[in-house]
Amino acid sequence: MWKSVYADFTDLTETEQIELFNAMKQDLFPDEPDKITKLLDKIRETRFSSGLACVHCGSTSLKRNGKYRTRQRYLCKDCNKNFNDLTNTPFSGSRYTEKWVSYMEMMVEGYTLPKIAKRLKIHISTAFYWRHKILNALSSLGYNQLQGIVESDETFFHESLKGKEVAHRKAGTGRVKAEEIDAVIGEFIHPTALLCTDTATNYKKFAKIKGLQHETINARQKQLVKKGIYHVQNVNNFHNRLKTWIRRFQGVATKYLDNYLYWFRWLEIDKHLAFEKQVEQMLISACQKSNYRTVQMLRTA
Ligand SMILES: [Zn+2]
């Protein structure tokens, strides 16, 4: 039967053949219902967990103002501006709504920009701006304070200027001053925490400044674990995984390094979750706060 239908296929023009193919494909494999629509309720709940408020001025004096592309729109009676659940998120104003979830999946996979651009049929610079809009949004959520046993150690990256391949080591031994340690991680360590470091650092002074309990591991004496529980193996393993993961990007420009560190940390925290959950979590979190960073701001950063 199908053979007689197929026999007429060659009578069609090439355009007609493609149209027929697409029509059959749509019948056999209908598009999945837009996943983002399913996620919108969750995004709304997270974003407005303390009540629906204007994303521009914070006013709670709002009225529903119709729907745009199935999305509820609100009008603020105070500032007179419209907004919806995705206004001021990395995805607001994007023309490619159907590609967001796929994009997030590739963020969780840790795909490179050329691979993403090819898969989603978007320009590589679009892929780049989406990446950093998402990472800026995630990093705006900040960090929690660390409690209990806190391991700390340093790892180094070659300085890379704007994607050029000229990488060089900064002069000096790389030994970081106690004040520099304090400036970077001081506020993220709870006063009751116990700090674990190796002996070849300036953490002793840092711990003193912060009034933290401190245990040091002497790596040179092949001491790996002290008193049965104190070591820096977790942080060293983390650094190894980070270095392995980041290698695929073939030299991250130093000015974007923070974003990649945040990205990796995010993947580490959620790695016990199923893939779908990781994607959902990343998407919802990226939309949690209002972020005004535009492509223009990224360009000039
Ligand atoms: Zn307003």
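Restricting to helices (runs of 4 or more DSSP H) lying wholly in the stretch 187-301: which have 2 or more residues that are over 30 Å from residue 41 (Cβ atoms)?
203-210, 233-246, 257-269, 295-300
Looking at 228, 211, which is the one that is loosely packed, with under 15 Cβ neighbours inside 10 Å, modelled with pLDDT of 90 or more and at positive phi?
211
Spot the failing condition for residue 253; the list is (1) modelled with pLDDT of 90 or more; (2) in contact with a strand residue (DSSP E or B) (Cβ under 6 Å, 6 or more places away or on another chain); (3) under 22 Å from residue 139 (Cβ atoms), and only one is missed.
Evaluating residue 253 over (1) modelled with pLDDT of 90 or more; (2) in contact with a strand residue (DSSP E or B) (Cβ under 6 Å, 6 or more places away or on another chain); (3) under 22 Å from residue 139 (Cβ atoms) leaves (1) as the failure.
Output the number of residues of the stretch 68-102 satisfying the condition of being touching a Cys at 6+ places or on another chain (Cβ under 8 Å), without any contact (Cβ under 8 Å) to a residue 40 or more places away in the chain and under 23 Å from residue 280 (Cβ atoms).
Count: 1.
For the stretch 280-294, indicate whether the set of residues that are modelled with pLDDT of 90 or more and more than 24 Å from residue 94 (Cβ to Cβ) is non-empty.
Taking every residue of the stretch 280-294 in turn, none turns out to be modelled with pLDDT of 90 or more and more than 24 Å from residue 94 (Cβ to Cβ).
Yes or no: the stretch 289-296 includes at least one residue that is over 18 Å from the mean Cα position of the chain (by Cα) and hydrophobic (A, V, I, L, M, F, W, C).
no
Output the number of the condition that residue 72 fails; it satisfies all remaining conditions of (1) crowded, with 17+ Cβ neighbours inside 10 Å; (2) on the phi < 0 side of the Ramachandran plot.
If we test residue 72 against (1) crowded, with 17+ Cβ neighbours inside 10 Å; (2) on the phi < 0 side of the Ramachandran plot, just (1) comes out false.
For residue 105, work out the one condition from (1) away from the ligand (no atom under 16 Å from the Cβ); (2) more than 15 Å from residue 286 (Cβ to Cβ) it doesn't fulfil.
The one condition residue 105 does not meet is (2).
Considering each residue of the stretch 71-102, count those that are within 16 Å of the ligand (Cβ to nearest atom), under 29 Å from residue 268 (Cβ atoms) and polar (S, T, N, Q), and give that number.
Total satisfying the criteria: 2.
Within the stretch 50-70, which residues are closer than 18 Å to residue 289 by Cα and more than 12 Å from the ligand (Cβ to nearest atom)?
50, 51
The values are calculated or read from the model by the stated rules, or taken from the named source; none is laboratory data. Computed from a predicted structure; not experimentally measured. For neighbour counting, all protein chains shown are included, and Cβ atoms are generated from backbone atoms with ideal geometry for every residue, glycine included.
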